[in-house]
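Derivation of every value follows stated rules applied to the coordinates shown; laboratory data play no part. Worth saying up front: this structure is predicted, and the values here are computed from it rather than measured. Cβ: placed from backbone, ideal geometry, glycine included. Neighbour counts: every protein chain shown.
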Amino acid sequence: MSSNKEQGTGRADIVVRDRSRRPALIIEIKRSKKESDMEKDCREAIEQISRKNYMRTELKGYRAILCYGAAFFEKDCLVSVARDNLYEDTRSAF
């Protein structure tokens, strides 16, 4: 696992690699200014992973790369995962 390591044209917040090169995870995190922005911020986080090409460099050869966008507002957290260009959201409160 690495955090803020340079990938592509920027730095992903968190990258998790499986030693047997099965799946890898890229997680981009945003802080929302208001609760109603959380879904938009999750989508922006996932779009940033693609736009800045975080998957390009060290993740070649992995069977799957899962991209997660997380948005936090106060004690709430919303997480979206990109699967076949569809977004799936999960909300949690701490």
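In this structure the amide hydrogen of Ile65, modeled in the peptide plane, comes within under 5 Å of the amide hydrogens of Ala24, none closer than 5 places in sequence on its chain. 3J(HN,Hα) couplings calculated from phi for segment 60-77 with the Karplus curve 6.51 cos²θ - 1.76 cosθ + 1.60 (θ = phi - 60°) are, in sequence order, 5, x, 7, 5, 8, 10, 9, 10, 10, x, 10, 10, 10, 9, 6, 9, 9, 9 Hz; Gly and Pro show x. In this simple spin-label model, placing a label point 7 Å from the Cα along the Cα-to-Cβ direction at both Ala64 and Asp37 gives a separation of 3.2 nm. Using R₀ = 30 Å, calculate the FRET efficiency as 1/(1 + (r/R₀)^6) where r is the Cβ-Cβ separation of Lys75 and Arg22; round to 0.05. So the FRET efficiency works out to roughly 0.35. Comparing Tyr68, Ser32, Ile49 along the charge dipole axis of segment 28-84, the residue lying farthest to the positive side is Ile49, per the Cβ-charge model. What the phi angles of segment 29-37 give under the Karplus curve with 6.51, -1.76 and 1.60, with θ = phi - 60°, is a coupling list of 10, 10, 9, 7, 7, 8, 4, 5, 8 Hz, glycine and proline written as x.
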